[in-house]
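The values are calculated or read from the model by the stated rules, or taken from the named source; none is laboratory data. Fair warning: this is a prediction, and the values are worked out from it, not measured in the lab. All Cβ positions, glycine included, derive from the backbone under ideal geometry; neighbour counts span all protein chains shown. Surface accessibility is based on the protein's heavy atoms, side chains included, excluding ligands, DNA and RNA. Shrake-Rupley method; radii C 1.70, N 1.55, O 1.52, S 1.80 Å.
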Amino acid sequence: NEALLWIIRTQLAQAQFAEAAGLLETLRNDPAFPKRLKTDLEELTALSFYKQERWDSAASHLSKALEGASTSNEKARWEFLTGQLFEKAGNYSKANQYYNRAIPHSTDLILEIQARIAAIRVDRTKTDYAVSNVQRLLEMGAKEKYRAYQDIIYYTAAQMDLAAGNKNRAIESLFQSTLSGNNNAAQRNLAFLQLAEISFQDGAYAKAAQFYDSLKTLDSLPVDPTIIAAKKRALQTLVNKLAIVERQDSLLLLAGLPEEERKEAVKKIVKQSRKQAGLQEDPLSIPARPLSNTPKNLS
């Protein structure tokens with residue numbers, strides 16, 4: 001029987017789904033099939049449906065194979081996978097159920113966090129679930145326990161907000177994702193890429209150029225690197241031209257002011273520029289101290 005199961009696994013690897021289905025059905029109806037291999041049979045049946053993208057059936061059979069997990073963490077991983085399959089099938093209540101089951105069984109903090117995030121994402125128990133679920137994720141991200149995983153938490157919250165049309169809060173969450181103190185460069189890149197694309201679509205070309213420049217590597221991104229490189233070159237040219245236009249407009253505006261207002265405006269600009277450069281206040285603008293009238297001691 002174990003050999004027959006390996007034959008099925010080989011058939012699935014070779015996409016021989018009809019042959020695998022026939023053998024699976026034969027073993028399922030065999031009264032002499034050993035009970036100890038039932039979970040292996042369910043696992044292979046789930047794999048067969050998964051390869052054919054029949055998510056609901058794959059999830060149903062994988063849930064019956066959970067008893068075959070050798071460790072608590074492996075069981076949690078299978079429960080998480082079952083939740084993912086139910087989610088892909090659109091069965092959000094079942095997905096939520098299995099994500100929540102994975103949380104107490106997990107001995108891996110990353111798996112636990114991913115399960116918590118997923119459980120929140122698929123929760124449809126409230127009428128305003130999109131708003132309330134994002135709020136729960138933001139509260140989760142603020143907790144000290146999950147500080148090292150804020151990039152994932154805030155990025156997920158942003159995706160949910162974008163799907164719900166709440167672009168402003170999504171942008172805030174994406175920016176928070178980039179500020180996470182861990183070394184997950186791939187996750188930070190995803191957040192910067194999305195910020196760049198949102199800014200580009202909104203016509204905020206200077207911001208878009210800044211976010212594109214923040215990308216560290218292009219190969220791991222879900223966008224053709226040549227497209228990003230072309231956008232960066234085009235944005236650099238456009239931003240430089242816009243800076244010239246903005247500077248000329250500012251100079252024309254200053255030139256059109258009355259003389260006293262113009263002098264005052266220039267003083268403010270100089271003061272702000274010196275402050276940004278880390279310089280002390282212009283000594284010429286500091287009024288001189290009056291000389292003391294007290295006579296010096298000549299004795």
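Fully extending the segment from Asn183 to Ala32 would add 49.0 nm, taking 0.36 nm per residue of separation and subtracting the current Cα-Cα distance. Karplus-derived 3J(HN,Hα) values for region 154-167, using 6.51 cos²θ - 1.76 cosθ + 1.60 with θ = phi - 60°, are 5, 5, 5, 4, 5, 4, 5, 5, 5, 5, 8, x, 9, 5 Hz; glycine and proline are entered as x. Against the chain, whose longest principal axis comes from its Cα atoms, helix 259-276 is set at around 50 degrees.
Note on Val223 and Ala265: the extension gain reaches 10.6 nm, defined as 0.36 nm multiplied by sequence separation minus the Cα-Cα distance.
Among the protein heavy atoms of the chain, carbon and sulfur supply 53% of the accessible surface, probe 1.4 Å, non-protein parts ignored. Each residue of region 32-38 was assigned a 3J(HN,Hα) from its phi angle through the Karplus curve 6.51 cos²θ - 1.76 cosθ + 1.60 (θ = phi - 60°); the sequence is 8, 5, x, 5, 5, 9, 4 Hz, with glycine and proline shown as x.
A straight chain from Leu254 to Thr237 at 0.36 nm per residue would run longer than the Cα-Cα distance by 3.5 nm. When both region 220-235 and region 93-159 are represented by their alpha-carbon centers, they are found 31 Å apart. Using the Cβ-Cβ distance between Ala13 and Thr39 with R0 set to 22 Å, the FRET efficiency from 1/(1 + (r/R0)^6) comes to roughly 0.65. Of Leu162, Asn183, Leu221, which is farthest on the positive side of the dipole of region 155-221, counting Cα position, with +1 on Lys and Arg Cβ, -1 on Asp and Glu Cβ, and the Cα centre as origin? Value computed over the given set: Asn183. Listed by chain and number, the aspartates and glutamates whose C-alpha is less than 12 Å from the C-alpha of Lys207, apart from same-chain residues fewer than 8 away, are Glu197.
Quick one: grab the alpha carbon gyration tensor of region 7-75, order the square roots of its eigenvalues as a ≥ b ≥ c, and give me rounded if a/c is under 1.5, else prolate or oblate depending on whether a/b is larger than b/c. In terms of gyration-tensor shape, oblate. Enter the angle in degrees (range 0 to 90, nearest 10) between the Cα long axis of helix 72-88 and the first principal axis of the Cα atoms of the chain, meaning the one along which they spread out most. So the helix axis and the longest Cα principal axis differ by about 80 degrees. Label sites at Ala164 and Ala230, each approximated as a point 7 angstrom past Cα along Cα to Cβ, lie 3.6 nm apart. Kindly identify region 56-139 as rounded, prolate or oblate by the Cα gyration tensor criterion: order the square roots of the eigenvalues as a ≥ b ≥ c, call it rounded if a/c is under 1.5, otherwise compare a/b with b/c, prolate if a/b is larger, else oblate. Oblate is the answer for region 56-139, as a/c is 1.5 or above yet b/c matches or exceeds a/b. Accessible surface computed residue by residue for the chain, with neighbouring protein chains in place and a 1.4 Å probe, gives 63 Å² per residue. Each Lys or Arg adds one and each Asp or Glu takes one away; over the other residues whose Cβ falls under 11 Å from the Cβ of Ser177, this sums to -1.
The Phe175 and Glu67 beta-carbon pair, evaluated with R₀ = 35 Å, returns a calculated FRET efficiency of approximately 0.20. Across region 65-135, C-alpha contacts under 8 Å between residues 6 or more apart give a mean separation that, scaled by the residue count, equals a relative contact order of 28 percent. The heavy atoms of Lys271 present about 130 square angstrom of accessible area, all protein chains included, probe 1.4 Å.
For region 96-105, the Karplus equation 6.51 cos²θ - 1.76 cosθ + 1.60, evaluated at θ = phi - 60°, returns couplings of 4, 4, 6, 4, 5, 5, 6, 4, x, 7 Hz by residue, with Gly and Pro reported as x. Taking other residues whose beta carbon is less than 10 angstrom from the beta carbon of Arg28, and scoring Lys, Arg as +1 and Asp, Glu as -1, yields -2. For the chain, which span is the longest to avoid every loop-located (per DSSP) member of GluC sites (Glu not before Pro) having at most 14 other Cβ atoms inside 10 Å? Longest gap between qualifying sites, sites excluded: 54-280.
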